[in-house]
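Since the structure comes first, as structure tokens, the remarks are kept for the end.
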Amino acid sequence: MSTETVAVRRPTLDLARVRAWLPVYGVYVAIVLLVLYNVLFTPNFLTWSNLRIQLIQVAPIIIVALGMALVIGTEGIDLSVGSVMALAAALIPLYLGYGVIAAIGVSLLAGLVVGLINGTLVARVGLQPIVATLALFVGGRGLALVFSEGQLRDVRNADLLYLGSGDLFGLPVLVWIAAALVVVVAFVVRRTVFGRRLLAIGGNRASAELAGLPVKRVLITVYVVCAILASIAGVLAVARIQSSDASAVGLLIELSAITAVVVGGTPLTGGKVRVLGTVAGALLMQLVVATMIKHNLQPSTTEMVQAVIILIAVYVARERKTR
């Protein structure tokens, strides 16, 4: 009488599949877990007043991060976005006498000029993006301080302030603006020739040039769009705080934007842009900061946790790239 050995196959965890899944969906899981934690342990977390504050605070970061995602999608970086915000904020009070449209127009024009400079240095001069944008990271804020004469200027224009504190259909206008920009950027990346060219350049610039793509023009346009989005964020910052402080507006926001993009699954090596992931990354970092503030943790602890999150996101993206 013979006996047969029956092998029992135990379910195993496919680590390769987890590594592929984590950069794309990990940020959403983290948000869900953090929200559940706050619902259980943070008083008044689900009140509309608290949620409204969080949305208002994260909206400018989302706007700047959208531009940063486009730049990183081309394997670049833009360190000047915070200075562009400060420059836009400094110009607003100087031109409000000509009307709110004129003041906003001048601020956006300043962003366009900065973007042209950054893009030209990267695309035509051939400087590394981190070097090209570092010049305006320093000089842009210095120019903003010159325009504002180093003074905090109050803003009392009702039409402008409505953009920062008004509501539309129950939601802050600022949030509607950020949402509209998310839709526009997502459409451009996924549905337009420009978006496909952007991703092709980020994936392999040399091949894109050989294929006859207008690489330099696309790169310049990407930096212009990034700077204009930063200018919009600067205008909205003035509208929200009802003053223009060139020394504080946009300070270190470039780090928040880069973090949102990386945590959201867009690789620093270019070739991909995850717009919704970028939004989720910004929301996650805002939730982390808000949670720690609510639980009376020191700012230094918050910064260390953010640093750890960045390192984890970069490591996960690197692991996925090498496989």
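The values are calculated or read from the model by the stated rules, or taken from the named source; none is laboratory data. Every value quoted in this text rests on a predicted model; they were computed, and no experiment measured them. Virtual Cβ from ideal backbone geometry, glycine too; neighbours counted across all protein chains shown.
Do you know which residues across segment 233-243 are on the phi < 0 side of the Ramachandran plot and surrounded by fewer than 24 Cβ atoms within 10 Å (Cβ to Cβ)?
First pass over segment 233-243, keeping only residues on the phi < 0 side of the Ramachandran plot: 233-241, 243.
If the condition is that a residue be on the phi < 0 side of the Ramachandran plot and surrounded by fewer than 24 Cβ atoms within 10 Å (Cβ to Cβ), then R240, I241, S243 are the ones that fit.
Of the residues in segment 124-173, how many are of a type in the set (A, V, I, L, M, F, W, C), within 20 Å of Y223 (Cβ to Cβ) and not in a helix (DSSP H, G or I)? Step through it out loud before you land on a result.
First pass over segment 124-173, keeping only residues of a type in the set (A, V, I, L, M, F, W, C): 125, 127, 130-132, 134-138, 143-147, 152, 155, 158, 160-161, 163, 168-169, 171, 173.
Add one more test, that the residue is within 20 Å of Y223 (Cβ to Cβ), and what stays is 125, 127, 130-132, 134-138, 143-144.
Cutting the leftovers down to not in a helix (DSSP H, G or I) gives us 127.
Here the count works out to 1.
Run M292 past the list (1) modelled with pLDDT under 80; (2) more than 20 Å from the chain's Cα centre (by Cα); (3) assigned to a helix (DSSP H, G or I) and report the number of the one that doesn't hold.
Checking M292 against (1) modelled with pLDDT under 80; (2) more than 20 Å from the chain's Cα centre (by Cα); (3) assigned to a helix (DSSP H, G or I), the one that fails is (1).
Return the pair list, or none, for Cβ contacts closer than 6 Å from residues in segment 25-37 that are closer than 17 Å to V305 by Cβ to residues that are outside any helix (DSSP H, G or I), at least 6 apart or on different chains.
V27/G264
Can you say whether A246 is more than 15 Å from the chain's Cα centre (by Cα), surrounded by fewer than 24 Cβ atoms within 10 Å (Cβ to Cβ) and over 19 Å from Q54 (Cβ atoms), as far as the supplied structure shows? Show your work before the answer.
Numbers: more than 15 Å from the chain's Cα centre (by Cα): yes; surrounded by fewer than 24 Cβ atoms within 10 Å (Cβ to Cβ): no; over 19 Å from Q54 (Cβ atoms): yes.
So A246 does not fit the description; no.
Of the residues that make up segment 79-94, is at least one more than 14 Å from C226 (Cα to Cα) and either outside any helix (DSSP H, G or I) or touching a Pro at 6+ places or on another chain (Cβ under 6 Å) (or both)?
No: segment 79-94 contains no residue that is more than 14 Å from C226 (Cα to Cα) and either outside any helix (DSSP H, G or I) or touching a Pro at 6+ places or on another chain (Cβ under 6 Å) (or both).
Tell me which helices (runs of 4 or more DSSP H) are completely within segment 188-252 and hold 2 or more residues being closer than 21 Å to L116 by Cα and touching an Asp or Glu at 6+ places or on another chain (Cβ under 7 Å), or say none if there are none.
Details: elements: 193-203, 205-210, 215-241.
Ranges flagged: 215-241.
Let me spell it out: the conditions are (1) in a loop (DSSP other than H, G, I, E, B); (2) at pLDDT 95 or above; (3) over 30 Å from V155 (Cα atoms), and L70 meets all of them except one. Which number is the exception?
(1)
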